[in-house]
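One structure below.
The values are calculated or read from the model by the stated rules, or taken from the named source; none is laboratory data. Only a predicted model underlies this, so the values are computations on that prediction, with no experimental measurement involved. Neighbour counts are summed over all protein chains in view; Cβ atoms, including those assigned to glycine, are modelled from backbone coordinates with ideal geometry.
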């Protein structure tokens, strides 16, 4: 008797009790679909986070300085010198300065905007583009010019798209708007978003009431971000003689931390979903046990006609495995439908383009596990069937 | 050449709690190839036990059962299954056809376990069905047939593997007398064609169709001889 005969026999049995088989499969279908959707969700989240970080620049290093209490204070020129000295690893540099004082346009006070003092290189570092007017130039920094560049949101909301040449107030500073940034976010610019921002020369900011809080420095090459970070840290350590007064964070490090966090989260959730696979397997075992009892007489007949224990075992295991494999295939289809539905729901509910993408590995794994569960949970009932005494089984009513 | 079936002091005990039930008590007989033997006895006489042992569904507790010269008592489950598959064709009182399979598939079952390929299986099953006059119905399910027809299918199934022994357990028990006679006629013609047939029954009139009778009572052989000997006691219907 070949395995093909067993599969044919299993399919025949499944066909004669469709409703029961479908209900038995349901646990597997739901389990497989859940695993696929959850892993797909994690995958989509991963892509979403990676994309978001890529727009911030994964080759940037953020330096924050807490020089209070240190014997030396880090001056802007010192940082530029460090970048110069390590030009093998470090490329562009911009201080970032906080600005105190309310932002006012006309008589209206605006809250929620990002206001920052930066250097002329900042836009290149971030990959921002100027849509109208001009960006900051070295001369603005050197002369502490009272100028600024605003984001598309402020341009549209407060200047009707004609911000260049107008003025805004920042505390007691009156700044001339010299440029408008190109729209950054994919959706309409909104308050508090990337397009709600004001950038002025850091020198202007620090001369009034602001303070330089950190530096954004780019690595020469995205592939050597770690070496770049080490070089920068070494230089800062030399400068302060202590690790306590500065921190250097690389965006790619944050990304990898986020990625591994998402991985863990998805792993845990997929594990929980996999529990339903196990429950589904127990459902199959339960039905197979009932089926063995129902078919005791059939087993007796088959044995009297010369079926060895192995054949009976094979027949029932293959039946269980076929049931759960079909459940697995249906579950994969169901998982795809659910993934598409979840993508739509996320888009409608949260206005974010997070595409739930089922991964091939999750599909293969879920299908493999469902077949494995069929074999595993089919084994006990199958062994019960195989071990039946043919005389008793033949007499069974 | 050795006898087909040889029982040498076969005993079978069943243990029920503290009681030991003696189902077969030193049963000895020999059945040669080509014989048509009826094993007769009332319920409890031990004929079912003998049938189970002859059919290799069970093994003796004591004594020796030789089938084709091979000692069955020493064989394992798998070897017993092989003997059932290759050497014995069963005909049951309740036909014991598989309800979900059509007639051809039912007849194919022993061949499937013997490892015969699909095409050959189907051809041989159709041939066996034709031999019992049911070839035109091979696509039907057993429950679409009358009792007599179902029993003919089970005869086809018993014959399809070309066994050395046909073992019929009350083959007419579920049939009316007319179809019962037809089934017995088939068995007789099989015997005339050279097959060994062992018929198990409680009914003397049916046992009278055989050439030889082995009568059992209380697990012992009380008569072993030709049919024309007047029956001593036993059931009469």
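Is it the case, given these coordinates, that residue B:110 is within 12 Å of chain A (Cβ to nearest Cβ), outside any strand (DSSP E or B) and surrounded by fewer than 17 Cβ atoms within 10 Å (Cβ to Cβ)? When the stated conditions are applied, residue B:110 does not pass them. For residue B:97, the requirement of being in contact (Cβ under 8 Å) with a residue 60 or more places away in the chain, surrounded by 22 or more Cβ atoms within 10 Å (Cβ to Cβ), at the interface with another protein chain (Cβ under 10 Å from one of its Cβ atoms) and within 25 Å of residue A:14 (Cβ to Cβ) is met.
Scanning segment A:211-242 for residues that are touching a helix residue (DSSP H, G or I) at 6+ places or on another chain (Cβ under 8 Å) and closer than 14 Å to residue A:95 by Cα gives A:212, A:215, A:216, A:217, A:218.
Tally time: how many residues in segment A:239-260 are at pLDDT 85 or above and loosely packed, with under 12 Cβ neighbours inside 10 Å? Of the residues in that region, 2 qualify.
Among residues of segment B:81-93 being more than 9 Å from chain A (Cβ to nearest Cβ) and surrounded by fewer than 24 Cβ atoms within 10 Å (Cβ to Cβ), the one that is farthest from residue B:151 (Cα to Cα) is B:87. The set of residues in segment A:247-266 that are touching a residue at least 12 places away in the same chain (Cβ under 8 Å) and either closer than 23 Å to residue A:370 by Cβ or assigned to a helix (DSSP H, G or I) (or both) comprises A:251, A:252, A:253, A:254, A:255, A:258, A:259, A:262, A:263, A:265, A:266. For segment B:25-33, check the following and say yes or no: at least one residue is modelled with pLDDT of 90 or more, out of contact with any strand residue (DSSP E or B) (no Cβ under 6 Å at 6 or more places or on another chain) and under 25 Å from residue B:210 (Cα atoms). Yes: segment B:25-33 contains one or more residues that are modelled with pLDDT of 90 or more, out of contact with any strand residue (DSSP E or B) (no Cβ under 6 Å at 6 or more places or on another chain) and under 25 Å from residue B:210 (Cα atoms). Among the residues here, residue B:203 does not qualify as buried (at least 21 other Cβ atoms within 10 Å of the Cβ) and within 16 Å of the chain's Cα centre (by Cα). Do we find a residue being within 14 Å of chain A (Cβ to nearest Cβ), under 24 Å from residue B:180 (Cβ atoms) and without any contact (Cβ under 8 Å) to a residue 40 or more places away in the chain anywhere in segment B:121-128? Checked segment B:121-128: at least one residue is within 14 Å of chain A (Cβ to nearest Cβ), under 24 Å from residue B:180 (Cβ atoms) and without any contact (Cβ under 8 Å) to a residue 40 or more places away in the chain.
Just one of (1) more than 14 Å from every other protein chain (Cβ to nearest Cβ); (2) at pLDDT below 90 fails for residue B:66. It is (2).
Restricting attention to segment A:1-59, the residues that are part of a helix (DSSP H, G or I) and away from chain B (no Cβ under 14 Å) total 36. Against the list (1) part of a helix (DSSP H, G or I); (2) within 14 Å of chain B (Cβ to nearest Cβ); (3) surrounded by 19 or more Cβ atoms within 10 Å (Cβ to Cβ), the condition residue A:310 fails is (3).
Does residue B:155 satisfy being more than 9 Å from chain A (Cβ to nearest Cβ), buried (at least 16 other Cβ atoms within 10 Å of the Cβ), in contact (Cβ under 8 Å) with a residue 60 or more places away in the chain and more than 23 Å from residue A:12 (Cα to Cα)? The answer is yes for residue B:155. Annotation: of all residues in segment A:343-368 being part of a helix (DSSP H, G or I) and in contact with a helix residue (DSSP H, G or I) (Cβ under 6 Å, 6 or more places away or on another chain), the one that is nearest to residue A:51 (Cα to Cα) is A:362. Residues in segment B:183-200 that are crowded, with 18+ Cβ neighbours inside 10 Å and not in a loop (DSSP other than H, G, I, E, B): B:183, B:184, B:186, B:187, B:190, B:191, B:196, B:197, B:198, B:199, B:200. If we keep just the residues of segment B:158-180 that are surrounded by fewer than 16 Cβ atoms within 10 Å (Cβ to Cβ) and more than 18 Å from the chain's Cα centre (by Cα), which is nearest to the other protein chains (Cβ to nearest Cβ)? By that ranking, first place goes to B:176. Whether a residue is closer than 15 Å to residue B:161 by Cβ and touching a strand residue (DSSP E or B) at 6+ places or on another chain (Cβ under 8 Å) was assessed, and residue B:87 passes this test.
The residues listed here are B:78, B:85; of these, the one that is part of a helix (DSSP H, G or I), farther than 28 Å from residue B:188 by Cα and touching a helix residue (DSSP H, G or I) at 6+ places or on another chain (Cβ under 9 Å) is B:78. On the stretch given as segment A:195-217, residues that are out of contact with any strand residue (DSSP E or B) (no Cβ under 8 Å at 6 or more places or on another chain) and part of a loop (DSSP other than H, G, I, E, B) total 1.
Per-residue answers, yes or no, for (1) within 14 Å of chain B (Cβ to nearest Cβ); (2) within 30 Å of residue B:52 (Cβ to Cβ); (3) in contact with a helix residue (DSSP H, G or I) (Cβ under 8 Å, 6 or more places away or on another chain):
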position	(1), (2), (3)
A:278	no, no, yes
A:281	no, no, yes
A:289	no, yes, yes
A:303	yes, yes, yes
A:332	no, no, yes
A:336	no, no, yes
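The residues of segment B:36-56 that are in contact with a strand residue (DSSP E or B) (Cβ under 6 Å, 6 or more places away or on another chain) and in a loop (DSSP other than H, G, I, E, B), listed by number, are B:41, B:45, B:46, B:55. Within the set A:298, A:319, the sole residue that is modelled with pLDDT of 90 or more, within 14 Å of another protein chain (Cβ to nearest Cβ), crowded, with 16+ Cβ neighbours inside 10 Å and out of contact with any helix residue (DSSP H, G or I) (no Cβ under 8 Å at 6 or more places or on another chain) turns out to be A:298. Condition test on residue B:148, is it more than 9 Å from every other protein chain (Cβ to nearest Cβ) and either assigned to a helix (DSSP H, G or I) or modelled with pLDDT under 95 (or both)? Yes, satisfied. Considering segment B:129-144, the residues that are surrounded by fewer than 19 Cβ atoms within 10 Å (Cβ to Cβ) and more than 22 Å from the chain's Cα centre (by Cα) include one that is nearest to the other protein chains (Cβ to nearest Cβ), namely B:141.
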